[in-house]
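One structure is given here, and the rest of the page talks about it.
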Amino acid sequence: MKLTDYEKSMLDGEQGEMRQQALQALCDLAAFYDVEEFVEIVGCHDDSTVYAGEAQVAFAEHLAAKGAKFAVPTTTNATACDLNLWDRQKHDVETMSATRRIEAAHVKMGAIPTWSCAPYHAGVAPSFGQQFASAESNVICYYNSIIGARTNRYAGPLELLCGIAGRAPYFGLHKPENRFAEGLVKLGADIKPEYFVEEDIFNLISYAYGSIVADRVWALEGMPTKGITNEILKQFSATAASSGGIALFHMIGVTPEAQTKEQAFGGKEPKEVVEIHLSDLAEAERQITNPNVTDIDAIVLGCPHCSYNECAKVEELFRGRRVHENVHFWLITPRSVADRLKDSGLYERLIRLGVEIYSDGCILEYRNKNLGTNTMMSNSGKFDTYCFAMRGLQPVFGSMKECIESAVAGKVMKEAKPWRK
């Protein structure tokens, strides 16, 4: 390894035992990938926060007890449940107790307690070109693609060690030469500009794109270059990282490293070109929707966690109507967003409409068996990709507008769409 003087002192134990052990583990990772040097990171988003067993909790407690401290600003990913309203969510005491231990260990190490899979909504994010470490799939994809920061897809414990050492092995997407697109996905002529009036088409294109690209770096051509919000790009990142193993995508004319096709490919030609058509969007929706579901038990928005703007849009779409008495409607936000909702009065107005608002937790930890729910609707391609395998829930995908209409009606309400013909 080509170590700086500071890194040598860290490896020699001069920066403390835990920082030494963290760098030793990262040296092993570097050796596995045949990497010769580290890169200094500016921050970390720690994904080892959803309770997955005693070993995970004990590891964090061991680090904290030994005096480990994060060397860079480190945000915390979502937990298994709302830390204050876990009983309403029907989580058991064991999960809550373990989550409190995870919380205490991370706070002791100096983490920024965001407890969110959308730390960018909490105002914490790297800038273009900055080196970072994350294991949360949507954060990786969002930071790499939408911001232009640099991180690989790390495992939860590894990115935790990166945060303690302040270093990451210099390989993969940390290196600029590995960030150029290799292949190109184009929208077919049958996907017309007027179809982009609602956000659900972005999720379906993202699902189809991820299915084609897998874990490669490709570009996407033909998307609208105006009117794409951060919330749409968030959902696109989350879905692409779920249907495929995508850590970086280039949306030509939209994302910072793909303002032109030439920039996205570094002046080279695509090695492969694939088109997406309406039939691919129809197939994408079939993959994340059970067509036999008509009655809906629950509707959840917040995978990834909702922004303030999304919460405001929910109120607008309800138009004063209430959630049907047979439906649970959950809205999951970061704590910082929940505080803004309360300050503005929007929190209470949503509650009066029958909306349940939670923070902290990952909705994929939803305890449907305890709540007695079997069918769930969401506007999240990520949630609908995973919810059956993880929770046994029958998913229904729809736009936010369709989710609200279904919540009011107490049954699945979908509009005619070009890909649904």
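The values are calculated or read from the model by the stated rules, or taken from the named source; none is laboratory data. As the structure is a computational prediction, the values presented were derived from the model and not from experiment. Cβ coordinates were reconstructed from backbone atoms using ideal geometry, including for glycine residues, and neighbour counts include every protein chain displayed. Just the protein is used for accessible areas: all its heavy atoms, side chains included, with ligands, DNA and RNA removed. Shrake-Rupley method; radii C 1.70, N 1.55, O 1.52, S 1.80 Å.
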List the pairs whose first member sits in region 1-30 and is without any contact (Cβ under 8 Å) to a residue 24 or more places away in the chain, whose second member is open to solvent by less than 30 Å² (accessible area, probe 1.4 Å) and part of a helix (DSSP H, G or I), and whose Cβ atoms are under 7 Å apart, counting only residues at least 6 apart or on separate chains? 11/23; 15/9; 20/10
Which one of these does residue 124 not meet: (1) open to solvent by less than 50 Å² (accessible area, probe 1.4 Å); (2) modelled with pLDDT of 95 or more? (2)
Could you check how many residues of region 355-402 are touching a residue at least 40 places away in the same chain (Cβ under 8 Å), surrounded by fewer than 24 Cβ atoms within 10 Å (Cβ to Cβ) and on the phi > 0 side of the Ramachandran plot? 1
Anything in region 234-256 that is farther than 18 Å from residue 138 by Cα and either touching a strand residue (DSSP E or B) at 6+ places or on another chain (Cβ under 7 Å) or buried (at least 24 other Cβ atoms within 10 Å of the Cβ) (or both)? List them, or say none. 252
Across region 54-84, what is the number of residues that are outside any helix (DSSP H, G or I), at pLDDT below 95 and open to solvent by 40 Å² or more (accessible area, probe 1.4 Å)? 1
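Listed here are the residues, each with its yes/no results for (1) hydroxyl-bearing (Ser, Thr, Tyr); (2) out of contact with any Gly (no Cβ under 7 Å at 6 or more places or on another chain); (3) without any contact (Cβ under 8 Å) to a residue 60 or more places away in the chain.
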residue	(1), (2), (3)
35	no, yes, no
53	no, yes, yes
62	no, yes, yes
66	no, yes, yes
72	no, no, no
82	no, no, no
119	no, yes, no
Filter region 403-420 down to residues that are farther than 14 Å from residue 204 by Cβ and either of a type in the set (S, T, N, Q) or crowded, with 19+ Cβ neighbours inside 10 Å (or both), then give me how many there are. 7
Filter region 195-233 for residues that are in a helix (DSSP H, G or I) and acidic (Asp, Glu); which is most open to solvent (accessible area, probe 1.4 Å)? 231
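Yes/no matrix, rows are residues, columns are (1) open to solvent by less than 10 Å² (accessible area, probe 1.4 Å); (2) hydroxyl-bearing (Ser, Thr, Tyr); (3) out of contact with any Asp or Glu (no Cβ under 9 Å at 6 or more places or on another chain); (4) assigned to a helix (DSSP H, G or I):
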| site | (1), (2), (3), (4) |
| --- | --- |
| 141 | yes, no, yes, yes |
| 145 | yes, yes, no, yes |
| 160 | yes, no, no, yes |
| 163 | yes, no, no, yes |
| 177 | no, no, yes, yes |
Mind checking which pairs have a first residue in region 330-350 that is free of Cβ contacts under 8 Å to residues at least 12 places away in the same chain and a second that is hydrophobic (A, V, I, L, M, F, W, C), Cβ under 8 Å, 6 or more apart or different chains? 347/338; 347/341; 347/357
Residue that is farthest from residue 180 (Cα to Cα) [pool: residues in region 234-280 that are in a helix (DSSP H, G or I) and small (Gly, Ala, Ser)]: 279
Members of region 87-99 that are touching a residue at least 24 places away in the same chain (Cβ under 8 Å) and small (Gly, Ala, Ser): 98
Which pairs have Cβ atoms under 6 Å, sit 6 or more apart or on different chains, and link a residue in region 100-114 that is at pLDDT below 95 to one that is among the hydroxyl-bearing types (Ser, Thr, Tyr) and surrounded by fewer than 19 Cβ atoms within 10 Å (Cβ to Cβ)? none
Can you name the residue in region 325-354 that is outside any helix (DSSP H, G or I) and under 24 Å from residue 203 (Cβ atoms) and is also most open to solvent (accessible area, probe 1.4 Å) among such residues? 328
Give the residues of region 40-53 that are of a type outside the set (Phe, Trp, Tyr) and buried (at least 18 other Cβ atoms within 10 Å of the Cβ), sorted by residue number. 41, 43, 44, 45, 46, 47, 48, 49, 50
Within region 378-421, residues being among the small types (Gly, Ala, Ser), out of contact with any Phe, Trp or Tyr (no Cβ under 6 Å at 6 or more places or on another chain) and within 26 Å of residue 277 (Cα to Cα) number 5
Could you say whether any residue in region 94-110 is buried (at least 24 other Cβ atoms within 10 Å of the Cβ), outside any helix (DSSP H, G or I) and of a type in the set (Gly, Ala, Ser)? no
